[in-house]
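Notes follow the structure.
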Amino acid sequence: MAELRRDPLTRMWVVVTTDHPKGPSDYLPFKPPYQLQDAEGACPFCPGNESMTPEEIFSTQEEGKGWSVRVIPNKYPFFRIEGEFDRRPDGMYDVMEAIGAHEIVVEAPEHHQNLAFMEPSQIRRVLLAYQERLIDLEKDRRFIQFLILKNYPGLFNRHPHSHIIAMPVIPRRIDEEILGILDYYQRKERCIFCDILREEMSGRKRIIIETGHFLIFSPFASRYPFETWIVPKKHRPDFHPLHEDEAEDLSIAIQSLFLKFYKLLSNPPYSLTFHTSPVQERFHRPEYHWHIETRLRIGLREGFEWGTGFFVNPTPPEDAAAFLRKMESD
Ligand SMILES: [Zn+2]
Ligand SMILES: [Zn+2]
Ligand SMILES: [Zn+2]
């Protein structure tokens with residue numbers, strides 16, 4: 001048997017298979033094991049090799065130790081900052097210069113550092129770099145959407161880093177979320193994310209970690225095995241005005257979540273993204289509720305998804321959350 005679950009946000013159907021569920025241990029061990037193999041000597045993100053990168057945009061410094069987090073332009077960006085902003089027709093199609101900014105945040109000086117073992121104070125510095133860059137990039141009125149993305153391990157460099165991308169358009173996933181949020185508001189006059197938080201906190205079946213300011217859980221219509229959302233309890237459309245106590249709380253939560261992934265799922269590859277409201281007055285959505293989504297890059301059935309737009313998830317989110325709640329005492 002399989003269960004069709006509808007994501008209340010995007011109204012997308014997900015097939016959750018429950019008859020032969022893939023338990024967490026069915027994914028282990030990952031083959032090949034994800035090991036850090038590349039050479040430190042040639043790494044442009046390592047201290048001492050700063051001249052190998054384009055000029056630094058931002059950094060945090062530690063007394064007597066040099067930089068602790070460093071932001072640089074991406075050498076091979078999807079979006080470029082120079083250019084004319086114009087949408088032009090090409091027959092019936094819309095075309096636009098890929099104007100934007102694409103920056104790399106080097107999350108730590110140590111080449112083999114990992115979110116699972118990073119000091120929360122270091123994660124806090126990474127969050128601070130994101131905040132500072134978003135505040136600065138927002139001044140450029142051509143940019144209406146920011147995305148923060150991280151792939152682990154990195155595709156081209158294993159040194160821990162993430163991407164900040166500023167775009168002149170709203171990407172489809174955010175657009176779908178906005179439509180879902182507005183539709184729900186119209187019907188219920190409430191925020192769907194605030195309602196999801198209330199629902200998850202009362203049922204508690206899918207919660208992995210709860211802190212003072214954040215709820216970390218497996219979403220009801222998880223598209224991927226171990227899909228995990230980190231949602232702030234306080235309704236706010238944008239990530240970058242994050243308050244100090246929330247940022248501290250979030251740093252600890254992120255470290256504990258990725259330590260769980262590392263230990264319980266033996267260091268899986270993952271992607272992480274921050275979803276935040278479009279910026280600039282005419283696109284900003286006060287109804288939006290910012291959040292972080294993570295997915296493990298395992299066990300996908302890309303072909304079926306590609307063909308139908310349906311996601312098939314062989315690991316019910318309740319099982320995933322119960323498995324990840326373990327390790328309370330470590
Ligand atoms: Zn390095
Ligand atoms: Zn909300
Ligand atoms: Zn989202």
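P(r) of region 110-211 in 10 Å steps, Cα pairs, percent per bin?
Going from the shortest bin to the longest, the percentages are 11, 26, 36, 23, 3.
For a quick check of your reading of the filter: which chymotrypsin sites (Phe, Trp or Tyr not before Pro) in region 126-156 sit in a DSSP loop and have no more than 16 other Cβ atoms within 10 Å?
On the way: sites: Tyr130, Phe143, Phe146, Phe156; in loops: Phe143, Phe156.
Here the sparse-neighbourhood loop sites are Phe156.
Could you sort out which of Lys75/Lys234; Lys150/Lys260; Lys205/Lys233 sit more than 27 Å apart by Cα distance in this structure? Let's see the in-between values first.
Numbers: Lys75/Lys234 37 Å; Lys150/Lys260 18 Å; Lys205/Lys233 18 Å.
Flagged as over cut-off: Lys75/Lys234.
How long is region 135-292 along each principal axis, judged by its Cα atoms, biggest number first, in Å?
Taking max minus min along each principal axis of the Cα atoms, region 135-292 gives 45, 41, 31 Å.
May I ask which residue of His291, Ala321, Ser277 lies farthest towards the positive end of the charge dipole of region 191-330, with charges of +1 (Lys, Arg) and -1 (Asp, Glu) on Cβ and the Cα centre as origin?
Selected residue: Ala321.
Return the tail of the calculated pair distribution for region 190-241, meaning the percent of Cα-Cα pairs more than 18 Å apart.
On the way: 381 of 1326 pairs.
The proportion of pairs with Cα distances above 18 Å equals 29 percent.
Values in this text are rule-based calculations from the coordinates and carry no lab data. Just so it is clear, the model here is predicted, and its values are computed rather than measured. Positions of Cβ are backbone-derived with ideal geometry, glycine not excepted, and every protein chain shown enters the neighbour counts.
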